[in-house]
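A short worksheet on the structure shown next.
The values are calculated or read from the model by the stated rules, or taken from the named source; none is laboratory data. Note that the structure is predicted; figures quoted are calculated from it, not measured. Virtual Cβ from ideal backbone geometry, glycine too; neighbours counted across all protein chains shown.
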């Protein structure tokens with residue numbers, strides 16, 4: 001029973017860290033990366049679909065993204081969707097190819113992005129700590145029902161704390177990496 005609770009807590013903590021990594025990938029660090037455009041939705045035959053379902057998104061070079069749409073008629077719709085997104089990008093359409101030059105980040109924008117990244121990391125830490133709290137309350141419930149001894153409960157709580165510490169450390173490392181990539185020019 002204790003092992004299942006610990007394994008469940010660890011799995012949930014891993015998912016929190018993976019979610020943080022996913023959120024970090026959407027925050028641009030001055031380099032062109034296709035994941036920057038993943039959340040953009042395009043109207044395609046009356047329904048909203050992700051941009052990746054109407055064309056290929058690639059990084060042409062470190063400062064330019066390229067979207068190759070599969071149908072020429074969709075290019076104008078894709079261009080408009082990119083322009084109206086909150087990313088502040090100005091696409092240039094040439095037939096079925098849309099090039100999106102990424103402007104260099106200003107120092108002020110870099111500082112703002114660092115604040116956003118720190119907030120994301122803090123939310124991930126809170127999520128990990130909440131998972132620890134849930135696991136510890138499960139241990140206390142088992143102890144109260146006399147299904148485990150006090151020593152077993154204390155040992156299980158120590159293990160959960162070690163797992164929590166390792167995940168918080170991982171979050172801090174990922175935060176440090178992202179901050180460094182945001183602040184490098």
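For every residue, the table says whether it meets (1) farther than 28 Å from residue 64 by Cα; (2) assigned by TED's automatic domain parsing to the domain that holds residue 159; (3) surrounded by 13 or more Cβ atoms within 10 Å (Cβ to Cβ).
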residue: 92; (1), (2), (3): no, no, no
residue: 95; (1), (2), (3): no, no, no
residue: 110; (1), (2), (3): no, yes, yes
residue: 114; (1), (2), (3): no, yes, yes
residue: 124; (1), (2), (3): yes, yes, yes
residue: 138; (1), (2), (3): yes, yes, yes
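Quick grid of which residues meet (1) farther than 30 Å from residue 122 by Cβ; (2) part of a helix (DSSP H, G or I); (3) under 14 Å from the mean Cα position of the chain (by Cα); (4) not assigned by TED's automatic domain parsing to the domain that holds residue 138:
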residue	(1), (2), (3), (4)
7	no, yes, no, no
17	no, yes, yes, no
22	no, yes, yes, no
39	no, no, yes, yes
67	yes, no, no, yes
77	yes, yes, no, yes
80	yes, yes, no, yes
88	no, no, no, yes
> Of all residues in segment 90-121, which are part of a helix (DSSP H, G or I) and either more than 26 Å from residue 32 (Cα to Cα) or in contact with a helix residue (DSSP H, G or I) (Cβ under 8 Å, 6 or more places away or on another chain) (or both)?
Replying inline: 110, 113, 114, 117, 118, 120, 121
>> The conditions are (1) surrounded by 15 or more Cβ atoms within 10 Å (Cβ to Cβ); (2) over 23 Å from the mean Cα position of the chain (by Cα); (3) assigned to a helix (DSSP H, G or I); (4) in the same structural domain as residue 42 (by TED's automatic domain parsing), and residue 156 fails exactly one of them. Which is it?
In response: (4)
> Which members of segment 56-86 meet the condition of being touching a residue at least 40 places away in the same chain (Cβ under 8 Å) and touching a helix residue (DSSP H, G or I) at 6+ places or on another chain (Cβ under 9 Å)?
Replying inline: 81, 82, 85
> Does residue 119 satisfy being surrounded by fewer than 18 Cβ atoms within 10 Å (Cβ to Cβ), modelled with pLDDT under 85 and at negative phi?
Replying inline: no
